[in-house]
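Nothing in this text is a laboratory measurement; each read-out follows from the coordinates by a stated rule. Bear in mind the structure is a predicted one, so any value in this text is a computation, not a measurement. Every residue, glycine as well, gets a Cβ built from its backbone with ideal geometry; the counts of neighbours run over all protein chains shown.
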Amino acid sequence: MTTTATKPETAARGLLAGYVTRAELAAEWNCHERTIARYEAQADGLPFLYIGGRKLYRIEDARAFMERRITTPNPVRKSA
């Protein structure tokens, strides 16, 4: 009988179901992990939870961060 090994991140999803790692968030946003680190360092940056030697990001906080970054075009400026 064969068993499949699971990653520690996926095995502990019970309590941490609404959280993702930096690598998972970077993959979702299609950016580098250093970009996520830069977002953390901003004054109104991406909040994180540091627990067990790992930084985790709540999915709702990541969505709220994205919402704050939505910009609209300047209606006065003429397009090129």
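In plain terms, the residue of Arg58, Arg77, Arg34 with the fewest other Cβ atoms within 10 Å comes first and the most crowded comes last, giving Arg77, Arg34, Arg58.
For Thr21, Thr71, what ranking results if the residue with the fewest other Cβ atoms within 10 Å of its Cβ goes first? Mind showing how you got there, number by number?
Working: Thr21 16, Thr71 5.
Least to most surrounded, the residues fall as Thr71, Thr21.
Could you list Phe48, Phe65 so that the one with the fewest beta carbons within 10 Å of its beta carbon is first and the one with the most is last?
On the way: Phe48 20, Phe65 17.
Listed from fewest to most nearby Cβ atoms, that is Phe65, Phe48.
All C-alpha pair distances within the range 17-68, sorted into 5 Å bins from zero, spread as 5, 21, 35, 29, 9, 1 percent across the bins.
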